[in-house]
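Read the structure below first, then the notes.
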């Protein structure tokens, strides 16, 4: 039983870190699009490549499901809502 609680706690924390990574990815991509951060910087390039490979597959799935809103991308918001729902289910039902 303790192993299951520990495993659920690890999954909860991974979801929490993933949620923060989504927020960092969105803010960084906005700063890049407004030319506040330069992508020629090697550290920024490495961070954005890592976040892109980590987050973009799930965002792509959500973008295929929801309709296109033009320049407005709501897929990160929907992904965060899904993560929050999973975390709520985990805490509510003790998973």
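Values quoted throughout were computed directly from the atomic coordinates according to the rules given, and no laboratory measurement underlies them. What you are looking at is a predicted structure, and each value in this text was computed from that prediction instead of being measured. For neighbour counting, all protein chains shown are included, and Cβ atoms are generated from backbone atoms with ideal geometry for every residue, glycine included.
Residues being more than 15 Å from residue 85 (Cα to Cα) and touching a residue at least 12 places away in the same chain (Cβ under 8 Å): count how many of those fall in the stretch 11-27.
6
So that you can scan it fast, the table gives a plain yes or no per residue for (1) surrounded by fewer than 11 Cβ atoms within 10 Å (Cβ to Cβ); (2) part of a helix (DSSP H, G or I):
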site: 16; (1), (2): no, yes
site: 19; (1), (2): no, yes
site: 29; (1), (2): no, yes
site: 36; (1), (2): yes, no
site: 46; (1), (2): yes, yes
site: 51; (1), (2): no, yes
site: 57; (1), (2): yes, yes
site: 67; (1), (2): yes, no
site: 84; (1), (2): no, yes
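With (1) without any contact (Cβ under 8 Å) to a residue 40 or more places away in the chain; (2) touching a helix residue (DSSP H, G or I) at 6+ places or on another chain (Cβ under 7 Å); (3) more than 24 Å from residue 74 (Cβ to Cβ) as the list, and residue 8 as the residue in question, which single condition is left unmet?
Condition not satisfied by residue 8: (1).
Among (1) surrounded by 12 or more Cβ atoms within 10 Å (Cβ to Cβ); (2) out of contact with any helix residue (DSSP H, G or I) (no Cβ under 9 Å at 6 or more places or on another chain); (3) closer than 30 Å to residue 94 by Cα, which single condition is residue 76 missing?
Every listed condition holds for residue 76 apart from (2).
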